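The block underneath contains the structure these notes are about, expressed in structure tokens.
The values are calculated or read from the model by the stated rules, or taken from the named source; none is laboratory data. None of the values given here were measured: they were computed from a predicted structure. Glycine gets a Cβ as well: all are built from the backbone with ideal geometry, and neighbour counts include every protein chain shown.
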Amino acid sequence: MKAIIIDDEPLARVIIKEYLQSFPKVEVVQECNDGFEGVKAIQQQQPDLIFLDIQMPKINGFEMLELIEEPPAVIFTTAFDEYAIRAFESHAIDYLLKPFSKERFDKAIGKLLDQRNASYARETTPFLLETASQSPMQQQRVVVKIAGKIRIIPVEEIHFLEAADDYVKIHTKEGSYLKNKTMSHFEQTMDPQFFVRTHRSYMLNIQQITRIDPYEKENHIAILKSGSRVPVSKAGYVKLRSVLGL
Amino acid sequence: MFTAWWLVWATLQAILINNFGFDLKISVVDSLVTNIQLMGGCWLVNNLLKFYLPQKDKYWYILIMSAGLSGAILLNTKWILTTFLSDQAAYASFISNSLPVRFGISFLLIGCMTILCVLWYTVEEEKENQQRKADVERLTREAELFKLRQQLQPHFLFNSLNSISALVGSQPEEARKMIHQLSDFLRGNLKKEEQKWVAVSEELQYLQLYLEIEKVRFGHRLSTNIDMEPDSMAMKMPPMLLQPIVENAIKFGLYDTTESITISITGKVQDSSLEILVQNPFDPETSYPKQGTGFGLNSVKRRLYLLFGRNDLLDTSATENIFTTTVKIPQTA
């Protein structure tokens, strides 16, 4: 069983390796300092298990997992994070609160070595991410991967969002990015003061609007600073007016 | 003074009655009887108001009280004087004739006394309220300051314990050293007195403890550069003010870049105030400086406000990829 440890504190990695000595079946193939290294390592090594810290440089543990298509089984290791703990508790994935004992660690590994639990853990990861991403920290930025590179987009830079099959297309000044999420996910997690879902397939940043024109009967269209034209449905127009205070 | 005043008043009345052509004995007795009663009346008013002050809209109470008391005193005086000095017909008719004047004087005197007492006791009560309010404010302020100093980041504590746990296996000596550093740091955090300012050199020693622990946690990624003007080292500052600022800088720096970072701490004397700059690198591409003024800095700002009543002592600025937090400490206390 291949494992990767992703934690920005060297001593935190040391103790996991030490505890793992009593599990010869589990082999640590790589150690990573941050989420960027983590994404790369997971793609190259295809591990069965990762130990993942949450608070890390640049992107946190949850954001890193979002970038991986088929995440392996995860054991989270964290010191203190209210949102994270709530996420774990509701989805029964194992997590270790630092500092953790050998006994507690053995229990977590034992659970995952049981094949049935391991696949269960993998299946619940998306739910876990959904819960965790509702923490306020997540609403300030969106992490995407493009051509193998990771890009962190502050929400202020988002012009508008567009539904595209199973993805959401994020439009910014630099171009557009695809994110494997639903429109309703963004509707729930973005600040409703600034992002309004104006249409079944569109959501826009109100700070980008230059004007709103009528379009066909009962519909409108919002013209953004970038020149983009975003459809506004009848219901969307009502919402938009109330947010803009018209 | 109260008695002396009444003596003057009684003498005046005696002379006045004497001038109407009555003999000295009658004048003195009349004056004494009247004034002793008035004195009693005023004393009564004073004591009544000491324990019961009328509400603002019940000032008619003062009027009724003065009038009632004056009436009672007048009747009593008339009765005493006519009973004991009734042998002179001229005097008896003088008493009857002077009743309205006597009533007027009593009413004025007692009324004045009442108003004086009401004013006096209202002021006293107000003073007491002010004092109580000031006490409550002082206590809440102290409690808040204590709480602000105590806001230890749980992340720091648990991660440090985790590092110690890791060191115990491989480097027990290092683990022991870190336990001692952490204990000293926590002890400093528990100190109660806010009033006691410390020398900058002492605060830096405390900061050093914190930095040592963080360096064990983050290994080679974290280095620090402390540069203090010699003059600034002798200046005073509130204890544990620097640590949350540096903690904020470390977090901001370490979590915003993946490279090694250097935190610089510079101290200097500026217009006879102490000025300390804490700088950390950040990535302008992905970061929003507003995040740098996180909870840590808010509590420092609040503390400075409670201590100095000023909001302009903590300042942050970002240039290229360096974020600077500046704190000014006036040397007043």
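Give me the residue from the stretch B:138-177 that is modelled with pLDDT of 85 or more and among the β-branched types (V, I, T) and, out of that set, farthest from B:L242 (Cα to Cα). Residue satisfying both the conditions and the ranking: B:V168.
Quick grid of which residues meet (1) within 39 Å of the chain's Cα centre (by Cα); (2) within 23 Å of A:Y19 (Cα to Cα):
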site: B:F156; (1), (2): yes, yes
site: B:L161; (1), (2): no, yes
site: B:R187; (1), (2): yes, no
site: B:K191; (1), (2): yes, no
site: B:Y210; (1), (2): yes, no
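Does A:V230 fit the bill of being at pLDDT below 90 and assigned to a strand (DSSP E or B)? Criteria not met by A:V230. Taking residues in the stretch B:49-69 that are at pLDDT 75 or above, and partners anywhere that are in a loop (DSSP other than H, G, I, E, B) and surrounded by 10 or more Cβ atoms within 10 Å (Cβ to Cβ), the pairs with Cβ atoms closer than 6 Å and at least 6 places apart or on different chains are B:Y61/B:P54.
Residue check: A:I85 meets all listed conditions (1) crowded, with 20+ Cβ neighbours inside 10 Å; (2) among the β-branched types (V, I, T); (3) within 14 Å of chain B (Cβ to nearest Cβ) but one, namely (1).
When you check A:T189 against the structure, is it buried (at least 16 other Cβ atoms within 10 Å of the Cβ), within 14 Å of another protein chain (Cβ to nearest Cβ) and not aliphatic (A, V, I, L, M), yes or no?
Working: buried (at least 16 other Cβ atoms within 10 Å of the Cβ): yes; within 14 Å of another protein chain (Cβ to nearest Cβ): no; not aliphatic (A, V, I, L, M): yes.
For A:T189, the condition - buried (at least 16 other Cβ atoms within 10 Å of the Cβ), within 14 Å of another protein chain (Cβ to nearest Cβ) and not aliphatic (A, V, I, L, M) - is not met.
Evaluate the following for B:I226: is it more than 30 Å from the chain's Cα centre (by Cα) and within 14 Å of chain A (Cβ to nearest Cβ)?
Numbers: more than 30 Å from the chain's Cα centre (by Cα): yes; within 14 Å of chain A (Cβ to nearest Cβ): no.
No.
Scan the stretch B:119-172 for residues that are polar (S, T, N, Q) and either more than 14 Å from chain A (Cβ to nearest Cβ) or in a helix (DSSP H, G or I) (or both) and jot them down. Matches in the stretch B:119-172: B:T122, B:N129, B:Q130, B:Q131, B:T140, B:Q150, B:N159, B:S160, B:N162, B:S163, B:S165, B:S170.
Quick check: anything in the stretch B:214-223 charged (D, E, K, R), free of Cβ contacts under 8 Å to residues at least 12 places away in the same chain and either touching a helix residue (DSSP H, G or I) at 6+ places or on another chain (Cβ under 7 Å) or within 14 Å of chain A (Cβ to nearest Cβ) (or both)? Yes: one or more hits.
Being in contact (Cβ under 8 Å) with a residue 40 or more places away in the chain and in contact with a Phe, Trp or Tyr (Cβ under 7 Å, 6 or more places away or on another chain) is the requirement here; does A:E156 meet it?
On the way: in contact (Cβ under 8 Å) with a residue 40 or more places away in the chain: yes; in contact with a Phe, Trp or Tyr (Cβ under 7 Å, 6 or more places away or on another chain): no.
Judged against the criteria, A:E156 is not a match.
Among the residues of the stretch B:259-280, is any assigned to a helix (DSSP H, G or I), more than 11 Å from chain A (Cβ to nearest Cβ) and in contact with a Leu (Cβ under 6 Å, 6 or more places away or on another chain)?
Residues of the stretch B:259-280 that are assigned to a helix (DSSP H, G or I), as a first pass: none.
No, the conditions are met nowhere in the stretch B:259-280.
A:R197 falls short on exactly one of the conditions (1) outside any strand (DSSP E or B); (2) of a type in the set (D, E, K, R); (3) in contact with a strand residue (DSSP E or B) (Cβ under 9 Å, 6 or more places away or on another chain), and that condition is (1).
Within the stretch A:8-28, restricting attention to residues that are facing chain B (nearest Cβ under 9 Å) and outside any helix (DSSP H, G or I), the residue that is nearest to A:P99 (Cα to Cα) is A:E9. May I ask you to list the residues in the stretch B:138-152 that are surrounded by 13 or more Cβ atoms within 10 Å (Cβ to Cβ), farther than 15 Å from B:R187 by Cα and out of contact with any Asp or Glu (no Cβ under 6 Å at 6 or more places or on another chain)? Those that are surrounded by 13 or more Cβ atoms within 10 Å (Cβ to Cβ), farther than 15 Å from B:R187 by Cα and out of contact with any Asp or Glu (no Cβ under 6 Å at 6 or more places or on another chain): B:R141, B:E142, B:E144, B:L148. Considered as a group, the residues in the stretch A:40-63 that are surrounded by fewer than 21 Cβ atoms within 10 Å (Cβ to Cβ) and in a helix (DSSP H, G or I) include one that is nearest to the other protein chains (Cβ to nearest Cβ), and that residue is A:K40. Within the stretch B:200-223, does at least one residue satisfy the condition of being assigned to a strand (DSSP E or B), in contact with a Leu (Cβ under 7 Å, 6 or more places away or on another chain) and surrounded by 15 or more Cβ atoms within 10 Å (Cβ to Cβ)? Yes, the stretch B:200-223 contains at least one residue that is assigned to a strand (DSSP E or B), in contact with a Leu (Cβ under 7 Å, 6 or more places away or on another chain) and surrounded by 15 or more Cβ atoms within 10 Å (Cβ to Cβ).
Being within 26 Å of B:E285 (Cβ to Cβ) and modelled with pLDDT of 80 or more narrows it down to one residue among A:P136, A:P154; which is it? Steps first, answer last, please.
On the way: A:P136 fails: modelled with pLDDT of 80 or more.
After applying the criteria, what remains is A:P154.
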